[in-house]
Amino acid sequence: MPGRLRAEKEGAIGWLVLDNPGRLNAISSEMWRGFPKSMAQFDADPEVRVVILRGEGVKAFAAGADISEFDKARETSDKVNAYDSLLDEALHALQGSDKPVISMIRGYCMGGGVEISLACDLRYCSEDAQFAIPAARLGLGYGTEGTKRLVETVGHANAREIFFTGRRYSAAEALAIGLVHRVLPVAGLEAFVRETAAGIADNAPLTIAASKTLIEEFVRPTGEPDIARGLAAIERCAVSEDYLEGRKAFMEKRKPRFHGR
């Protein structure tokens, strides 16, 4: 049976779970297809403020795309293009969401696992995490958007080494080059990610959405940034009930209660 992408809701947090532990959470075509649908559901739910992506079990976040499918899924140029489009749709679902997405990385994070984590806004990993992009050992070309996102995240010098050597990087090395935001003890990873997500969920969702919109425009893979789209998001904040609530709470020296409107 191919793996599945589980979507679960827990209060203000939406969980996306890469559920294929028998293959170290290798991402099957069916799992890639699940991202747009699952993120659309979270995007439409005003109660969900943050999404966390994790792998099932403790051994891996994701060992990459499911290579066992490649003989059929990537046997012709047309099929390669179709498969790459499937990945792009999954990445766009995360990048294009107004809601922040956090990768909680435990164990192996390889190839397509790195790519999907780079489509998230924040990446936190445990001390036992390992990272690699072994495309050069498989003879395949890594995706355009994944490559661009990696260069933007770690710089072109580090990206060259990651791609050319295909070697594994420890959690400490990943932190040193900016691939992850923070490394946590294994036992403390989930608690930290939950606490971080809860703090984000308490903030003004329209402000976060405006910030994410502008950031994504500045790192878009092609064309000029759509500044007007970002300015519209800022204007939406300026005329929102949340902006009034934020000012009122500040003057009253209390915690604001934001509703995303």
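Selection of the range 2-16 for residues being crowded, with 21+ Cβ neighbours inside 10 Å, hydrophobic (A, V, I, L, M, F, W, C) and touching an Asp or Glu at 6+ places or on another chain (Cβ under 9 Å) yields Leu5, Leu16. Counting only strands (runs of 3 or more DSSP E) wholly contained in the range 105-145, the ones carrying 1 or more residues that are within 16 Å of the chain's Cα centre (by Cα) and surrounded by fewer than 20 Cβ atoms within 10 Å (Cβ to Cβ) occupy 122-126. On inspection, Leu86 does not qualify as within 25 Å of Asp43 (Cβ to Cβ) and either assigned by TED's automatic domain parsing to the domain that holds Ala233 or in contact with an Asp or Glu (Cβ under 7 Å, 6 or more places away or on another chain) (or both). Consider Val51 carefully, then state whether it is in contact with a helix residue (DSSP H, G or I) (Cβ under 8 Å, 6 or more places away or on another chain), in a helix (DSSP H, G or I) and surrounded by 23 or more Cβ atoms within 10 Å (Cβ to Cβ). Considered against the rule, which asks whether it is in contact with a helix residue (DSSP H, G or I) (Cβ under 8 Å, 6 or more places away or on another chain), in a helix (DSSP H, G or I) and surrounded by 23 or more Cβ atoms within 10 Å (Cβ to Cβ), Val51 comes out as no. Screening Leu94 on (1) assigned to a helix (DSSP H, G or I); (2) over 22 Å from Arg49 (Cβ atoms) shows it passes everything except condition (2). Assess whether Arg123 counts as being in contact with a Ser or Thr (Cβ under 7 Å, 6 or more places away or on another chain), closer than 20 Å to Ala26 by Cβ and in the same structural domain as Arg54 (by TED's automatic domain parsing). For Arg123, the condition - in contact with a Ser or Thr (Cβ under 7 Å, 6 or more places away or on another chain), closer than 20 Å to Ala26 by Cβ and in the same structural domain as Arg54 (by TED's automatic domain parsing) - is met.
Would you say Asp78 is over 17 Å from the mean Cα position of the chain (by Cα) and part of a loop (DSSP other than H, G, I, E, B)? Can you show your working first?
Details: over 17 Å from the mean Cα position of the chain (by Cα): yes; part of a loop (DSSP other than H, G, I, E, B): no.
Against the criterion (over 17 Å from the mean Cα position of the chain (by Cα) and part of a loop (DSSP other than H, G, I, E, B)), Asp78 does not qualify.
Summed over the range 127-146, residues that are closer than 21 Å to Asp66 by Cβ and either among the acidic types (Asp, Glu) or at pLDDT 90 or above (or both) total 7.
Of the set (1) of a type in the set (Lys, Arg); (2) under 17 Å from the mean Cα position of the chain (by Cα); (3) not in a helix (DSSP H, G or I), all apply to Arg167 but (2).
Restricting attention to the range 162-203 and to residues that are of a type in the set (Phe, Trp, Tyr) and surrounded by 15 or more Cβ atoms within 10 Å (Cβ to Cβ), the residue that is modelled with the lowest pLDDT turns out to be Phe163. Scanning the range 123-154 for residues being among the hydroxyl-bearing types (Ser, Thr, Tyr) and either touching a residue at least 40 places away in the same chain (Cβ under 8 Å) or touching a Lys or Arg at 6+ places or on another chain (Cβ under 8 Å) (or both) gives a total of 3. Residue pairs whose Cβ atoms lie under 8 Å apart, separated by 6 or more positions or on different chains, with the first residue in the range 82-97 and under 22 Å from Leu214 (Cβ atoms) and the second among the hydroxyl-bearing types (Ser, Thr, Tyr), are Ala93/Ser38.
The values are calculated or read from the model by the stated rules, or taken from the named source; none is laboratory data. Please read these numbers as outputs of a predicted model, since none were measured by experiment. FYI the Cβ positions are ideal-geometry reconstructions off the backbone, even for glycines, and counts take in every protein chain you see.
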